[in-house]
Structures are given as structure tokens and as C-alpha cells.
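Worksheet: one structure, shown below.
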Amino acid sequence: MQFAGKTAVLTGAASGMGLLFAQNFAALGGNAVLCDVNEQVLTEKVREINEKGGSAIGRRGK
């Protein structure tokens, strides 16, 4: 399945199921918007996804 041109907004995305979904969605061509309260881990995970060729951005929630 390909997700090119699709965007998903994921909450709790710095770990667990949110992160797993974001990683796989981006690996299949989708754009992932990761949201989490832990900005440090969120930034690291977004970087990892992008380094593997995915498309991801992160936004810290309150």
C-alpha cells in the first residue's frame, strides 16, 4: 500500500503505537505530522524518520 500525497496527524507519536504508525506511514510514502509533549524525544524521532527517507515534522503539544 502506498500513501504518497497523504498526510496523517499522530498524537502521542514520540513512542509506542503512535511512533510505530508514523514510521511505517512515512516509509510507505506518506507525510507524518508527529505530536507529543516530550519535545526532545519527538525531535529525535522526526529526525530518524527523515534520515530514512520519510517525510515527517514534529509539533509539541501542551
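Among the residues of the stretch 45-56, what is the count of those that are open to solvent by less than 80 Å² (accessible area, probe 1.4 Å) and either over 9 Å from the mean Cα position of the chain (by Cα) or within 15 Å of Gly30 (Cβ to Cβ) (or both)? Outline the logic, then answer.
If we filter the stretch 45-56 for residues that are open to solvent by less than 80 Å² (accessible area, probe 1.4 Å), which is where we start, we get 45-46, 48-50, 53-56.
Next cut, either over 9 Å from the mean Cα position of the chain (by Cα) or within 15 Å of Gly30 (Cβ to Cβ) (or both) only: 46, 48-50, 53-56.
Total satisfying the criteria: 8.
Quick check on Gly18: is it small (Gly, Ala, Ser), surrounded by 12 or more Cβ atoms within 10 Å (Cβ to Cβ) and modelled with pLDDT under 95?
No, not satisfied.
Give the number of residues within the stretch 1-15 that are aromatic (Phe, Trp, Tyr) and surrounded by fewer than 12 Cβ atoms within 10 Å (Cβ to Cβ). Break it down stepwise before answering.
Just the residues of the stretch 1-15 that are aromatic (Phe, Trp, Tyr), to begin with: 3.
Filter again for surrounded by fewer than 12 Cβ atoms within 10 Å (Cβ to Cβ), leaving none.
Count: 0.
Name the pairs whose Cβ atoms lie under 8 Å apart, with the first residue in the stretch 24-44 and open to solvent by 50 Å² or more (accessible area, probe 1.4 Å), the second small (Gly, Ala, Ser) and not in a loop (DSSP other than H, G, I, E, B), and 6 or more positions between them or separate chains?
Pairs that qualify, where the first residue is open to solvent by 50 Å² or more (accessible area, probe 1.4 Å) and the partner is small (Gly, Ala, Ser) and not in a loop (DSSP other than H, G, I, E, B), are Asn31/Ala8; Asn31/Ser55; Asn31/Ala56; Glu39/Gly58; Thr43/Gly58.
The values are calculated or read from the model by the stated rules, or taken from the named source; none is laboratory data. The model shown is predicted, which means the values in this text are computed figures rather than measured ones. Every residue, glycine among them, receives a Cβ derived from its backbone with ideal geometry; neighbour counts consider all protein chains shown. Calculation scope for accessible area: heavy atoms of the full protein, side chains included, ligands and nucleic acids excluded. Shrake-Rupley method; radii C 1.70, N 1.55, O 1.52, S 1.80 Å.
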